[in-house]
Amino acid sequence: EVDLKWNDRIKDFSYYINTNISYSKNKIIYQDEVEPNEPYMWRTGHEVGARFGYLAQGFYNEADFDADGNVRADLPQPQGKKYPGDIKFADLNGDNIIDNDDQTKIGNPKRPAYTFGLNLGGGYKSFFASMNWTGVAQCDIEMANAYKRPFYEGQVLYQYMADGRWTPETAATAIYPRLSIASSTNQETSSVWLKDASYVKLKNLTIGYNITQQKILKAIGASKLTVQFTGYNLLTFDKLKVFDPEGELTRDTNTYPIMKIFSLGVNVTF
C-alpha cells in the first residue's frame with residue numbers, strides 16, 4: 001500500500017492532494033475439495049472467490065446443425081437440445097462432450113486486487129471545495145437472474161439484452177444469446193455473463209462558502225455561517241454500463257440500488 005500527501009499554500013489559495021493505492025493478492029493453499037476429473041478444475045491454487053464456469057466460444061449458427069436440427073456430429077456434443085443463437089461452450093478436455101468437466105477458471109473475484117483513491121481540496125479566501133475519487137481494478141462481476149434471463153420471474157426485458165441479442169442478422173456481432181425463456185443452458189455461468197467490474201468514481205464533491213461579514217453574522221446572532229453543496233456518487237466511469245459495478249444487484253434483484261445524492265446545507269454556529 002502506498003499513501004502520498006501534499007499540502008501547500010500560495011498567498012490566499014491553499015490546497016491539498018492525498019492519493020493512495022493498494023494491492024492485495026491471496027491464494028488458496030489448501031481446502032478440502034474432492035479431486036476433480038481435470039486439473040484445470042482445482043479451486044486450490046486460485047484466489048478466494050475466483051470465478052469458475054464455461055468458456056464461451058461464441059454462439060451456435062445454422063451451419064452448426066444437421067438436417068435434423070441436431071448439433072453436427074463433428075462438433076462437441078452439448079447437454080440438451082440446442083438452437084441457433086445458443087451459447088457455444090469450449091470442450092476443454094477434448095472428449096467431444098460438453099459437461100461439468102469443461103468448467104474452469106474464467107475470471108477474477110468480485111473483491112478487487114487494486115484499490116485506489118484521490119482526495120483533492122482547497123480554499124480561496126471564503127470559498128472552499130473538496131472532492132474524493134475512488135476506484136478498483138482487476139475484479140469481475142457475474143450478471144445473474146434478471147440480468148441474463150429474459151423476463152426473469154415476469155420482469156421486464158432489459159434494453160441491452162434486446163440490443164445485443166443473437167439473431168440471424170446479428171450473428172457476427174451479437175454479444176448475448178437469442179432471447180429465450182425456456183433455454184436454461186444459456187444462463188449457465190460462463191464468460192458471456194462475466195463482466196469487468198473495474199471503475200473510477202467521483203464519490204464526493206463539496207463546494208462551499210464561509211460567510212464572514214460581521215453585519216450578517218450579528219443580524220442572526222451567529223459566530224459562523226457556512227453554505228455548502230454536497231454531491232455523492234456523482235460520476236462513474238466503468239465498462240459495465242448496465243448497473244453500478246459497486247453494487248450487488250446481480251445476486252438479489254430486490255437489493256436497494258446505489259443512489260446519487262445531492263444536498264444543499266447551511267451550517268450555523270451560535
Subject >> Two-site label geometry, residue 237 and residue 81: point separation in nm, points 7 Å out along Cα→Cβ >> reply: 4.9 nm
**OP:** Using only the alpha carbon atoms of region 30-112, find the Kirkwood hydrodynamic radius as the inverse mean reciprocal pair distance, in angstroms to one decimal.
**Re:** 14.4 Å
Original post:
Calculated from DSSP H runs of 4 or more alone, at -39500 (n - 2.57) each and per residue, what is the 222 nm mean residue ellipticity of the chain, nearest 500?
Top reply: -1000 deg cm²/dmol
Subject >> Count of lysine pairs in region 128-270 with Cα separation under 15 Å (8 or more residues apart, or interchain) >> reply: 9
**OP:** Could you grab the relative contact order for region 28-130? Cα pairs under 8 Å, six or more apart, rounded to a whole percent.
**Re:** 29 percent
Original post:
Taking Cα pairs under 8 Å and at least six residues apart, what relative contact order does region 136-270 come out at, in percent?
Top reply: 26 percent
Subject >> Calculated FRET value between residue 43 and residue 14, using beta carbons and R₀ = 35 Å, to 0.05 >> reply: 0.10
**OP:** From largest accessible area down, sort 266, 71, 227; use a 1.4 Å probe on the protein chains.
**Re:** 266, 227, 71
**OP:** Determine the gain in length on full extension of the stretch residue 218-residue 55; use 0.36 nm per residue of separation and subtract their C-alpha separation, reporting nm with one decimal.
**Re:** 51.6 nm
Original post:
So for 196, 238, what's the accessible-area order with a 1.4 Å probe, most first?
Top reply: 196, 238
**OP:** Any chance you could look up the accessible area of residue 142 with a 1.4 Å probe, heavy atoms only, rounded to 10 Å²?
**Re:** 40 Å²
Original post:
residue 51: accessible area at probe 1.4 Å, nearest 10 Å²?
Top reply: 40 Å²
**OP:** Multiply the residue separation of residue 74 and residue 125 by 0.36 nm, subtract the distance between their alpha-carbon atoms, and state the gained length in nm to one decimal.
**Re:** 10.7 nm
**OP:** For region 1-149, take the alpha-carbon Rg, divide it by the Kirkwood Rh, and send me Rg/Rh.
**Re:** 1.25
Original post:
Tell me, in nm to one decimal, what length is gained between residue 181 and residue 138 on full extension, where the rule is 0.36 nm per residue of separation less the Cα-Cα distance?
Top reply: 12.2 nm
Original post:
To the nearest 10 square angstrom, how much accessible area does residue 65 have with a 1.4 angstrom probe?
Top reply: 30 Å²
Original post:
Averaged over all directions, how much area does the convex hull of the C-alpha atoms of the chain cover when projected, in nm²?
Top reply: 21.7 nm²
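The values are calculated or read from the model by the stated rules, or taken from the named source; none is laboratory data. These numbers come from a predicted model, not from an experiment. Positions of Cβ are backbone-derived with ideal geometry, glycine not excepted, and every protein chain shown enters the neighbour counts. To get the accessible areas, we keep the full protein, side chains included, count just its heavy atoms, and leave off ligands, DNA and RNA. Shrake-Rupley method; radii C 1.70, N 1.55, O 1.52, S 1.80 Å.
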